[in-house]
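Taken together, the values in this text are just the output of simple stated rules run on the coordinates, not laboratory data. Just so it is clear, the model here is predicted, and its values are computed rather than measured. As a convention, Cβ positions derive from the backbone with ideal geometry for all residues, glycine included, and neighbour counts pool all protein chains shown.
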Amino acid sequence: MNMDSIKVQSKAHGIMYHHFHDNQKHIVGQGSISAETFNDMLDFYGKDHNIIGAGEFLQKSEAGTLSPADVCLTFDDGLLCQYDVAYPVMKDRGLTAFWFIYTSPLDGVIEKIELYRHFRFSKFSDIEDFYSAFFNIVAANDPEAMAAIHSFDPDQYLKEFPFYTPNDKRFRYMRDRVLGVSKYNMTMDKMLETYQYDIEKNSQILWLNADHIKNLRRQGHIIGLHSYSHPTVMSDKSYLEQSREYTTNKRQLESVLNEKITAVSYPCNSYNSDTLKCMRELGIRIGFRANMVDVQLEDIRYEYPRQDHANIMKAMEAAK
Ligand SMILES: [Zn+2]
């Protein structure tokens, strides 16, 4: 991603945000940004783009009047740090955004992906410390799994991600190929216990609740779907399973807001024709994917591209 490709965007798109920090309630983590950086980023990107509110973006999409410079803001995963840190900045600027929310946390489910992330950054000052603690636990509890890592060659794994360190790759290989979901979760849960991580207390500050969602909507933001439980590879699931994920998600958000939900973004950018079929059946009017790559589109309304905020950060730092 070079500066030119940031500046000359030939198509209307969204900017995708995830984590924010304030150094108090919300800790610094990989890729997280502060209110100040968020504000600077909007200034920087706004020089070459027309950043508009979510409602206006939707309206222009439906009228077919979006111009290539039009950009909207989007927040994935329904995180409280977004509400506490980014929302006040937008309020000052008179801006609204799309918020794509997975709703299992509204049922009291503590989704591991977000909890483990918080644990990693709250208990370890750097990721290498986390990796060595993680591998110690694996070695103590599952020597067989640990043996698999001895013959592992990091140079031959995940070659398409050159920025991963050898330990990033060892960790991912252990998690995804050796342990698998349930053993990995068991290992992590053991670590949480060892480090006396307070799951109840910490899970309170991770996700938006129904009142936050209502307030955002009252202020003109648009609330959209992001599945019920945030599967990482939705496209592996059958049409029926996908339909269940999105229908449940939609029913919950509609009961919070008392209105029809009409927008979606796809968790981990994973979607296929079955997903788009679900969107048509659910009466969705606009959808976003998670990159700027030119792909063969099946339905432009449901596949607006998004720029990851990390790419804008890089361009902004290069321009300093
Ligand atoms: Zn997500």
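Going by C-beta contacts inside 10 Å, put S132, S32 in order with the fewest on the left. Intermediate results must be reported in sequence, preceding the final value.
Working: S132 10, S32 18.
Least to most surrounded, the residues fall as S132, S32.
Between the alpha-carbon centres of the range 30-63 and the range 229-245 there is a gap of 29 Å.
Fewest-first ordering of D43, D274 by other beta carbons within 10 Å of each residue's beta carbon gives D43, D274. Footprinting exposure proxy ranking of E303, E245, E298, E144, fewest other C-beta atoms within 10 angstrom first, gives E144, E298, E303, E245. Using the Cα coordinates of the range 251-311, the gyration tensor eigenvalues translate into equivalent-ellipsoid semi-axes of 22, 15, 9 Å, sorted from longest to shortest. Looking at the range 134-216, the chymotrypsin sites (Phe, Trp or Tyr not before Pro) that sit in a DSSP loop and have at most 14 other Cβ atoms within 10 Å of their own Cβ are F163, Y195. Distance from the Cα centroid of the range 171-223 to that of the range 290-307 is 28 Å (rounded to whole angstrom). Between amide H atoms placed 1.01 Å from N, distances below 5 Å from L79 occur with L208, all of them 5 or more places distant or on a separate chain. Here's the list of aspartates and glutamates a cross-link from K159 could span, going by alpha-carbon distance under 14 Å and ignoring same-chain residues fewer than 8 apart: D168.
Length gained on full extension, Y157 to R285, computed as 0.36 nm times the residue gap minus the Cα-Cα distance: 42.1 nm.
Using only the Cα atoms of the range 112-194, build the gyration tensor, take square roots of its eigenvalues as a ≥ b ≥ c, and label the shape rounded, prolate or oblate: rounded if a/c is under 1.5, else prolate if a/b is larger than b/c, else oblate.
Working: a/c = 1.71, a/b = 1.22, b/c = 1.40.
It is oblate, given that a/c is not under 1.5 and a/b is not larger than b/c.
Across every direction, the projection of the convex hull enclosing the Cα atoms of the range 130-238 has a mean area of 10.4 nm². Residues in the range 129-141 carry Karplus couplings, in order, of 4, 4, 4, 5, 5, 4, 5, 4, 5, 4, 4, 6, 9 Hz; the curve used is 6.51 cos²θ - 1.76 cosθ + 1.60 with θ = phi - 60°, and Gly or Pro positions show x. Computed as a quarter of the hull surface, the mean projected area of the alpha carbon convex hull for the chain stands at 17.0 nm². Both radii come from the Cα set of the range 123-163: Rg as radius of gyration, Rh as Kirkwood radius; their ratio Rg/Rh reads 1.05.
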